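Engineer: Below is a structure I'd like to ask you about.
The values are calculated or read from the model by the stated rules, or taken from the named source; none is laboratory data. Because the structure is predicted, anything quoted here is derived from the model rather than measured. Here Cβ is always computed from backbone atoms with ideal geometry, including for glycine, and neighbour counts include all displayed protein chains. Ligands, DNA and RNA are stripped out before the accessible areas are found, and what is left, the full protein with its side chains, is counted by its heavy atoms. Shrake-Rupley method; radii C 1.70, N 1.55, O 1.52, S 1.80 Å.
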Amino acid sequence: MSIDIKNICYTYMRGTPFEKKALDDVSVSIDKGEIVAVIGHTGSGKSTLVQHLNGLLRPDAGQVAVDGISLAGKDAAAKKARQLVGMVFQYPEHQIFAETVYEDIAFGPRNRGFEPEEVDKQVREAMAFVGLDFETFARRSPFRLSGGQMRRVAIAGVVAMNPDYLVLDEPSAGLDPRSRNAVFKEIMALHKSRGIAIVLVTHSMEEAVKYAKRMLVINQGRILFDGNPADIFKNHQQKLVEVGMDEPQVFKLAALLRKQGMELPQGITDDVTLLQMIKKAKGWR
Amino acid sequence: MLSDITLGQYFPGNSFIHRLDPRTKILATLIYIIAIFFADSFLSYAILTGFALAVILISRLPLLMVLKSLKPIMIIVVLTLGIHMFTAPGETVLFTWKFLSVTQEGLELGVKMSLRLMLLLLFSSVLTFTTSPIVLTDGIESLLRPFKKIGVPAHELAMMMTIALRFIPTLLEETDRIMKAQTARGADFSSGNLLQRAKNMLPLLVPLFISAFRRADELAVAMESRCYRGGEGRTRMHELLYKGIDYAAFGTIFALTALLAFLRWGTALCAL
Ligand SMILES: Nc1ncnc2c1ncn2[C@@H]1O[C@H](COP(=O)(O)OP(=O)(O)OP(=O)(O)O)[C@@H](O)[C@H]1O
Ligand SMILES: [Mg+2]
């Protein structure tokens, strides 16, 4: 079970002076149950790539298949395959339209053709996942919520469709650190309990190393690196800086401390582990 | 999804025509349109057509693209041709079919009238192809300024046009984004009967209106906080200035008009 992308190319505004090749011969495969981070500087083609995962964009050349079913067709099978992939866009709260939170979240599952009881069950579960209390929020107008709460309603609207793959395009953009962490905690919980694959587009190297086992680095419409985030940051630092990316703060700090003579193991990916290692090296407890 | 909608039709370039002052281009287009009505002989029409083609050539626009702008009026052109051909009075009958007869005079008149229409559109589309919408409104504002005294709100009109033009691409982009987001949630914008379809548009229209109002609000606040207070006493960053090429362009278009006027009335004048 996987999403398979084979040699896709995509050009915006083809045939005009504004023509822009956004993807150039990209091949990648995403397995069910993986967490994949997609990073790259602004305009590198991240959003373009992930919009191919559920057929929102059709490649000019190449194929996209979900669980072996090509997305190119217009038949029921292709439609079904597309719905296996949930997509949370940048600033998803801008897509909210219904009168109540409940109605907005139920929009997706109803379109998938779930029975009313199933819709109700999915909405409740999705709200629980994103930490919105059902009794408090279900009947409220989504337009009277805070930005962070609206973001959660929007994410719940996609989660309620019960996708096998969940694509999130910068889900934490414009949120404060606490809401940011909360959103990620919810996404990780979802990954654990339902075993769905997560594709996470992000500008934050910290988020990439912290949450993903695999990372795609996109540069000028091509995949530059594909592998373990810690390894990529360790082995290709020079190249990453060249294409406009920086390594995570934790890595920088660890490198500085090592330079000062502290004995720290390689591949520390988060602040908590770093702190433990410093304590250990210093003999603190 | 909406990516194939090209907005306005500005085609960037750096040709002689592109570099002309927008006012020159607007006025020259108006003069050309007047000149079209001077033409009565086929020689005049040939000159006018040649001039239009030369301008397109100089502007380095793809000829085919400019010709495509004629498509929307093709029906009117054909109708004009037909009506003149069959109904205009004339002596020399070319051929008759049942009760319809085509006269040479009718045919000539029809061809001329349709040529007029096509030249009119062709020449004005060169204006919009070679001038970005923002520059065009600048030119219009500048040309309308003298009419302020009789109460034409030149600056306000231009500001409204500029803002509208500025936000059309943004709104299209927004529409595209929301459409994609709702499609990803299984929305269907293209099937069902009329009522069903209208209802299906709600998930698109509600967020679109909300974002349009939000943008309008933000823009108003941003303009006020930068002390915007209308056109009175404002200076501009890019002053419009007539340069050498503008005088050359005016010279050419006046020469063309004079030539056409001579072709029409010149012989009569000489006979006097
Ligand atoms: N609708 C569009 N029309 C024309 N060009 C586009 C469009 N969307 C994106 N592009 C261009 O395609 C390229 C890739 O864009 P994309 O949105 O995939 O970048 P991104 O990596 O997601 O950037 P960001 O980090 O800023 O979101 C960019 O150069 C962009 O200018
Ligand atoms: Mg993007």
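Yes or no, residue by residue, for (1) assigned to a loop (DSSP other than H, G, I, E, B); (2) touching a residue at least 24 places away in the same chain (Cβ under 8 Å); (3) open to solvent by 100 Å² or more (accessible area, probe 1.4 Å):
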site: B:PHE38; (1), (2), (3): yes, yes, no
site: B:SER44; (1), (2), (3): no, yes, no
site: B:LEU48; (1), (2), (3): no, yes, no
site: B:ALA52; (1), (2), (3): no, yes, no
site: B:ARG60; (1), (2), (3): yes, yes, yes
site: B:ILE73; (1), (2), (3): no, yes, no
site: B:VAL77; (1), (2), (3): no, yes, no
site: B:GLY90; (1), (2), (3): yes, no, no
site: B:PHE95; (1), (2), (3): no, no, yes
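Engineer: Additional query: Given the stretch B:148-231, what helices (runs of 4 or more DSSP H) lie entirely inside it while holding 1 or more residues that are away from chain A (no Cβ under 14 Å) and touching a Pro at 6+ places or on another chain (Cβ under 7 Å)?
Structural biologist: Answer list for the stretch B:148-231: B:154-184.
Engineer: In the set B:ILE210, B:ILE253, which member is surrounded by 13 or more Cβ atoms within 10 Å (Cβ to Cβ) and outside the structural domain of B:PRO169 (by TED's automatic domain parsing)? Walk me through it before giving the result.
Structural biologist: Values: B:ILE210 fails: outside the structural domain of B:PRO169 (by TED's automatic domain parsing).
Result of the check over B:ILE210, B:ILE253: B:ILE253.
Engineer: To continue, here is another question. Here is a check on your reading of the model: is B:VAL111 touching a residue at least 12 places away in the same chain (Cβ under 8 Å), more than 30 Å from B:ALA158 (Cβ to Cβ) and either touching an Asp or Glu at 6+ places or on another chain (Cβ under 9 Å) or in a helix (DSSP H, G or I) (or both)?
Structural biologist: Against the criterion (touching a residue at least 12 places away in the same chain (Cβ under 8 Å), more than 30 Å from B:ALA158 (Cβ to Cβ) and either touching an Asp or Glu at 6+ places or on another chain (Cβ under 9 Å) or in a helix (DSSP H, G or I) (or both)), B:VAL111 qualifies.
Engineer: Counting only residues that are hydroxyl-bearing (Ser, Thr, Tyr) and not in a helix (DSSP H, G or I), which one in the stretch B:232-272 is farthest from B:ASP21 (Cα to Cα)?
Structural biologist: Restricting to residues being hydroxyl-bearing (Ser, Thr, Tyr) and not in a helix (DSSP H, G or I), the top hit is B:THR235.
Per-residue answers, yes or no, for (1) in contact with a Leu (Cβ under 8 Å, 6 or more places away or on another chain); (2) aromatic (Phe, Trp, Tyr); (3) in the same structural domain as A:LYS80 (by TED's automatic domain parsing):
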residue: A:SER141; (1), (2), (3): no, no, yes
residue: A:VAL153; (1), (2), (3): yes, no, yes
residue: A:ALA156; (1), (2), (3): yes, no, yes
residue: A:LYS185; (1), (2), (3): no, no, yes
residue: A:GLU207; (1), (2), (3): yes, no, yes
residue: A:TYR211; (1), (2), (3): yes, yes, yes
residue: A:ILE218; (1), (2), (3): yes, no, yes
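Engineer: Identify all residues within the stretch A:82-127 that are in a strand (DSSP E or B) and more than 16 Å from ligand 1 (Cβ to nearest atom); write none if there are none.
Structural biologist: A:VAL85, A:GLY86
Engineer: So which pairs qualify, if the first residue must be in the stretch B:212-238 and modelled with pLDDT of 85 or more, the second must be part of a loop (DSSP other than H, G, I, E, B), the Cβ gap must be under 8 Å, and the two must be at least 6 apart or on different chains?
Structural biologist: Between residues of the stretch B:212-238 that are modelled with pLDDT of 85 or more and residues that are part of a loop (DSSP other than H, G, I, E, B), there is no close pair.
Engineer: Same structure, new question: Name the single residue that is farthest from A:LYS79 (Cα to Cα) among those in the stretch A:107-119 being more than 8 Å from chain B (Cβ to nearest Cβ) and open to solvent by less than 20 Å² (accessible area, probe 1.4 Å).
Structural biologist: Filtering the stretch A:107-119 for residues that are more than 8 Å from chain B (Cβ to nearest Cβ) and open to solvent by less than 20 Å² (accessible area, probe 1.4 Å), the one farthest from A:LYS79 (Cα to Cα) comes out as A:VAL119.
Engineer: Give the residue that is farthest from A:THR11 (Cα to Cα), with candidates limited to residues of the stretch A:21-47 that are outside any strand (DSSP E or B) and more than 10 Å from ligand 2 (Cβ to nearest atom).
Structural biologist: Pass one, the stretch A:21-47, residues outside any strand (DSSP E or B): A:32-34, A:40-47.
So of that shortlist, the ones also more than 10 Å from ligand 2 (Cβ to nearest atom) come out as A:32-34, A:41.
On the way: A:LYS32: 28, A:GLY33: 30, A:GLU34: 28, A:HIS41: 18 Å.
Checked the stretch A:21-47; the qualifying residue farthest from A:THR11 (Cα to Cα) is A:GLY33.
Engineer: Taking only the stretch A:103-113 into account, find how many residues are touching a residue at least 40 places away in the same chain (Cβ under 8 Å) and out of contact with any Gly (no Cβ under 9 Å at 6 or more places or on another chain).
Structural biologist: Going through the stretch A:103-113 one residue at a time, the tally reaches 0.
Engineer: Does A:ASP104 meet the test of being within 10 Å of chain B (Cβ to nearest Cβ) and acidic (Asp, Glu)? Full working, then the answer.
Structural biologist: On the way: within 10 Å of chain B (Cβ to nearest Cβ): yes; acidic (Asp, Glu): yes.
Yes, satisfied.
Engineer: Which numbered condition trips up A:LEU53, out of (1) touching a strand residue (DSSP E or B) at 6+ places or on another chain (Cβ under 8 Å); (2) assigned to a helix (DSSP H, G or I); (3) within 13 Å of chain B (Cβ to nearest Cβ); (4) open to solvent by less than 10 Å² (accessible area, probe 1.4 Å)?
Structural biologist: Status for A:LEU53: all satisfied but (2).
Engineer: Return the residue satisfying two criteria in turn: it lies in the stretch A:161-176 and is within 16 Å of ligand 2 (Cβ to nearest atom) and in contact (Cβ under 8 Å) with a residue 40 or more places away in the chain, and of such residues it is nearest to A:GLN83 (Cα to Cα).
Structural biologist: Per the criteria, the residue is A:VAL167.
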